[in-house]
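See structure below.
Nothing in this text is a laboratory measurement; each read-out follows from the coordinates by a stated rule. Everything numeric here is computed off the predicted structure, so don't read it as measured data. Every residue, glycine as well, gets a Cβ built from its backbone with ideal geometry; the counts of neighbours run over all protein chains shown.
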Amino acid sequence: MSGFWWALLALVVAGLVVRIKFEPEVKACFERDPAARNFLEVLLTYSGLHVIVCYRIAHTLERVNVPVAPRLIMTLARWLTGIEIHPAATIGRGLFIDHGMSVVVGATAVIGENVTIFQGVTLGGTGKEKGKRHPTIGDNVVIGAGAKILGNITVGRDSMIGANAVVIRDVPEHSTVVGVPGRITRTKDQHFAGINLDHTHLPDPLAERLELLQHEIDALERHLKEHRNKTEA
């Protein structure tokens, strides 16, 4: 059998393994990325899926205290995908990393089920403290592009972190967070209907209040101008 056919056979076997063992992650690609057209394309080109496959292998080795190999696997994965995940991190099923470049997940981070992470996200620490020092992310959370979640804090399930937000305090369940530092702008008592991937058009009460104040200032200036004109007349 020629090298081509061996390579084709290896690709088919790898595809079957990924399709079976990583079914939630493959399903997430199709559900949360409208650009996903077929399984072969996802298998060959989706860096978020590639890094999760590498992570599962490295994490298994990390749990049985195999030295060096877990970190080496994830270093190679970082070179290939631009995504850095420590093998000791705990990640639930159904994680979808969209685009993925510059995503960083620290060693003691915990990520729940069906979480969505966009490019440039950091789940990091805040210093040199030992023990649990990275965030815990609940189920069904969406973390927008460029967001930073720092320290041993918890983001409750069904929450949304806006693009470029910096979160340094706990976030209740069903919340929306925007800004630097992150501000909770909305909290829901019920679950979201599905996963809302719009992480840019989020409410910002502070900006809305400032806009209202600006309108009031403009109205006062017009009133003063009219009064001045009447006085001069």
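Between Arg183 and Asn229, what FRET efficiency comes out of the Förster formula 1/(1 + (r/R0)^6) with R0 = 45 Å and r the beta carbon distance, rounded to 0.05?
Efficiency at R0 = 45 Å is approximately 0.60.
With θ set to phi - 60°, apply the Karplus curve 6.51 cos²θ - 1.76 cosθ + 1.60 along the stretch 135-148 and write out the HN-Hα couplings as whole Hz, x wherever there is a Gly or Pro.
Once rounded to whole Hz, the list reads x, 10, 10, x, 5, 6, 7, 10, 10, x, 4, x, 5, 10.
Collect residues whose amide H, placed 1.01 Å from N in the peptide plane, falls under 5 Å from the amide H of Arg183; neighbours closer than 5 in sequence don't count.
Val178
By a straight-distance test (C-alpha under 15 Å), which aspartates and glutamates pair with Lys230 as possible cross-link partners, with residues fewer than eight away in the same chain excluded?
Leaving aside aspartates and glutamates fewer than 8 places away in the same chain, those within reach of Lys230 are Glu221.
From the phi of every residue in the stretch 81-87, what ³J(HN,Hα) in whole Hz does the Karplus formula 6.51 cos²θ - 1.76 cosθ + 1.60 yield, where θ is phi - 60° and glycine or proline is x?
So the Karplus estimates, Gly and Pro as x, are 10, x, 10, 10, 10, 6, x Hz.
Given points 7 Å out from each Cα along the Cα-Cβ axis, report the Leu72 to Lys130 separation in nanometres with one decimal.
My value for the distance between the label points is 2.8 nm.
At 0.36 nm per residue, minus the direct Cα-Cα distance, what do Thr90 and Glu23 gain on full extension? Give it in nm, one decimal, please. Could you put the intermediate results ahead of the total?
Details: separation 67, 0.36 × 67 = 24.12 nm, distance 1.83 nm.
Roughly 22.3 nm would be gained on extension.
Would you mind checking which residues have amide H under 5 Å from Thr136's amide H? H placed 1.01 Å from N; only 5 or more apart, or other chain.
Those qualifying (amide H under 5 Å, at least 5 residues apart or on another chain) are Val110, Ile153, Thr154, Val155.
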